[in-house]
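The values are calculated or read from the model by the stated rules, or taken from the named source; none is laboratory data. Treat the numbers as computed from the prediction; the structure is a model and nothing was measured. Virtual Cβ from ideal backbone geometry, glycine too; neighbours counted across all protein chains shown.
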Amino acid sequence: MLTIVSRMAKRTVVQYYDDLDGSPIDIDDLHTVEWAWLGVDYVIDTGTTNLERIEAGEVSVATLLSKSTRVGGRRRSTAPKYRRSNAASAATEVDGSVTAVRGWAREQGYDIGIRGRIPKEIMDAYYDAST
């Protein structure tokens, strides 16, 4: 009996593209620029030509913001914030125990597990009943 074994090679090629104009960039011409705007960090990959345009101020901040990748920093939101950031902070403020929230919820007839996130409706009800 003859068995034929086929072997296959796999090759992965990484190609970089300029975030500003979409053109391919040679690895030797790649510049990764890290920058920040209003407390938020961004990164953009670009070639030498577009890097010179950025440094000369020819590229607007709006264009940079739309073409860059956000990598961190704070978020500014105008949306109203929930009065408690999470179950643990609300429970700690009232009596120091997430377990107490779960126990209270069971006594009130809520279906709540022994672990995991406590639903917002339960936290609202617990907070309202405790204050």
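Does any residue in the range 7-18 that is without any contact (Cβ under 8 Å) to a residue 12 or more places away in the chain come within less than 9 Å, Cβ to Cβ, of a residue that is surrounded by 10 or more Cβ atoms within 10 Å (Cβ to Cβ) six or more places away or on a different chain, and which pairs are these?
Close Cβ pairs satisfying both conditions: 15/24; 15/25.
Considering every residue within the range 8-31, establish whether at least one is outside any strand (DSSP E or B), at pLDDT below 90, of a type in the set (A, V, I, L, M) and within 30 Å of residue 127 (Cβ to Cβ).
no
When you scan the range 93-107, do you find a residue that is modelled with pLDDT of 90 or more, more than 21 Å from the chain's Cα centre (by Cα) and within 30 Å of residue 22 (Cβ to Cβ), even just one?
No, the conditions are met nowhere in the range 93-107.
Criterion first (within 30 Å of residue 123 (Cα to Cα), at pLDDT below 90 and not in a strand (DSSP E or B)) does residue 5 satisfy it?
Judged against the criteria, residue 5 is not a match.
So residue 87 fits all but one of (1) modelled with pLDDT of 60 or more; (2) more than 30 Å from residue 33 (Cβ to Cβ); what number is the exception?
Failing condition for residue 87: (1).
Can we say residue 79 is at pLDDT below 55, under 28 Å from the mean Cα position of the chain (by Cα) and not in a helix (DSSP H, G or I)?
yes
Mind counting the residues in the range 1-39 that are within 25 Å of residue 53 (Cβ to Cβ) and of a type in the set (Ser, Thr, Tyr)?
Number satisfying all stated conditions: 4.
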